[in-house]
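Asks: Please find one structure pasted underneath; my questions will follow.
The values are calculated or read from the model by the stated rules, or taken from the named source; none is laboratory data. Because the structure is a prediction, the values reported are computed rather than measured. All Cβ positions, even for glycine, are placed from backbone atoms using ideal geometry, and neighbour counts span all protein chains on display. Areas reflect the complete protein model, heavy atoms only, side chains present, ligands, DNA and RNA absent. Shrake-Rupley method; radii C 1.70, N 1.55, O 1.52, S 1.80 Å.
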Amino acid sequence: MTDTSRSYILTISCPDAVGIVAAVTGFLSAHDYFIDESAHFGDHDTCQFFSRIRFHTHDENFSEPQFKAAFADICRKFSMECAVHDASIPTRTIIMVSRHDHCLNDLLYRYRTGSLHIEIPAIVSNHDDLRPLAEWHNIPFHHVPVDPDSRAAAEQTLAGIFADTQSELLVLARYMQILSDDFCASMQGLSLI
């Protein structure tokens, strides 16, 4: 018998409150979505709640817009921001690095062996040292120098690369520069790790 299930990832952020997990898992159960894994975190400093739930369904007519429409009442009740993504689609990920290659090497190894379900449209660095490593993996490399006078221009270039590659995730793999508050605010709603 062939498994026809499709997996999705639901991400949530909202003010922390009692009943969020019960409401979300109750919704998934009521719609016959099977939860494969679930992670939740309540940040006591900001009073924010975050959740990532991977679920699957055998419903061949599943659509992300219909899911979000049905889930809208829960979003309103908890002032929740949510996103649902097809887990079979790799996350478009930009990796930023400075001179030290150990983190980048680890990520590229995991990418090459298939243990990281991502697509890497670009590697960005403030130094040119790791260009050969990126080129060996056939990944476009962008050298974006940064100094105190060029920080804003460098971040604007980075935002352009992010937009041009239609990336969803930014990974700082020993990138030894501090990103400005303005840049981080411009990336709000996207993933930075």
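Asks: Could you sort the peptides 112-121, 155-164 by per-residue average Cβ neighbour count (10 Å cutoff), highest mean leading?
Replies: In decreasing order of mean packing, 112-121, 155-164 become 155-164, 112-121.
Asks: Residue-wise, which Karplus ³J(HN,Hα) couplings in Hz belong to segment 8-16, taking 6.51 cos²θ - 1.76 cosθ + 1.60, θ = phi - 60°, and x for glycine or proline?
Replies: 9, 10, 9, 10, 9, 9, 5, x, 5
Asks: When you count, for each residue, the other Cβ atoms within 10 Å and take the mean per peptide, how do 130-136, 148-154 rank with the highest first?
Replies: Working: 130-136: 14.9, 148-154: 11.9.
Averaged packing, sorted descending, gives the order 130-136, 148-154.
Asks: Do you know the relative contact order of the chain, to the nearest whole percent, from alpha carbon pairs under 8 angstrom that are 6+ apart?
Replies: 20 percent
Asks: A follow-up question, please. From zero up to wherever the largest Cα-Cα distance of the chain sits, split into 5 Å bins and tell me the percent of pairs in each.
Replies: Final binned percentages: 1, 6, 14, 16, 15, 14, 13, 10, 7, 3, 1, 0, 0.
Asks: Report, to the nearest whole %, how much of the accessible area of segment 138-193 belongs to carbon and sulfur atoms, 1.4 Å probe, protein only. Mind showing how you got there, number by number?
Replies: Values: 1810 of 3470 Å².
Carbon plus sulfur share of accessible area: 52 percent.
Asks: Return the Rg/Rh value of segment 65-122, two decimal places, where both radii are evaluated on C-alpha atoms and Rh is the Kirkwood radius.
Replies: Ratio value, two decimals: 1.20.
Asks: Taking θ as phi - 60°, what are the ³J(HN,Hα) couplings along segment 114-126 by the Karplus curve (6.51, -1.76, 1.60), each to the nearest whole Hz, with x for Gly and Pro?
Replies: Couplings: x, 7, 10, 8, 9, 10, 10, x, 6, 10, 10, 9, 8 Hz.
Asks: Something else: Using a probe radius of 1.4 Å on heavy atoms only, what accessible surface per residue do you get for the chain? Whole Å² is fine.
Replies: Roughly 59 Å² per residue, with all protein chains present.
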